[in-house]
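Note sheet for the following structure.
The values are calculated or read from the model by the stated rules, or taken from the named source; none is laboratory data. Here the structure is a predicted model, which means the values were calculated and not measured. For neighbour counting, all protein chains shown are included, and Cβ atoms are generated from backbone atoms with ideal geometry for every residue, glycine included. Note: accessible area is taken over every heavy atom of the protein model, side chains too, but ligands, DNA and RNA are not part of it. Shrake-Rupley method; radii C 1.70, N 1.55, O 1.52, S 1.80 Å.
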Amino acid sequence: MVQIANCWSGSPNVYVGTKPPCATVFSQNLPKAYYFLNKNQSSTSLGKRYYDVDAFRAEAGCYTKLQENGSSWAYDRRGKDHYWVKISSDRKDVVITSVTC
């Protein structure tokens, strides 16, 4: 499972914590929210509020691998808190390839 947010406000491009400051509710159907994706699920399947995802969360205690624009990345959050990463216009397609906890 991967958490995503349909909002982001200001700088910086990362945030450590349970949810980004802009997210006021855990919801699939509301603005200023965060929600989850199951394995093999795309954000576009969540409906109109997640057509444009603004951030994803690297889970606390886990090692998250992803691909974006032909490059591979990883976020090692073992022994650390959740880590939200802003998806900017140059990071259009982010694919989480694995989460190992």
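List of remarks:
- Under the condition of being surrounded by 12 or more Cβ atoms within 10 Å (Cβ to Cβ) and among the polar types (S, T, N, Q), the residues counted in region 10-50 number 8.
- The numbered conditions (1) part of a loop (DSSP other than H, G, I, E, B); (2) among the aliphatic types (A, V, I, L, M); (3) open to solvent by less than 30 Å² (accessible area, probe 1.4 Å) are all true for residue 60 except (3).
- Flag if residue 79 is modelled with pLDDT under 90, small (Gly, Ala, Ser) and open to solvent by 50 Å² or more (accessible area, probe 1.4 Å): no
To keep it simple, each residue is scored yes or no on (1) assigned to a loop (DSSP other than H, G, I, E, B); (2) more than 14 Å from the chain's Cα centre (by Cα); (3) at pLDDT below 90.
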site: 7; (1), (2), (3): yes, no, no
site: 31; (1), (2), (3): yes, yes, no
site: 45; (1), (2), (3): no, yes, no
site: 75; (1), (2), (3): no, no, no
site: 84; (1), (2), (3): no, no, no
site: 90; (1), (2), (3): yes, yes, yes
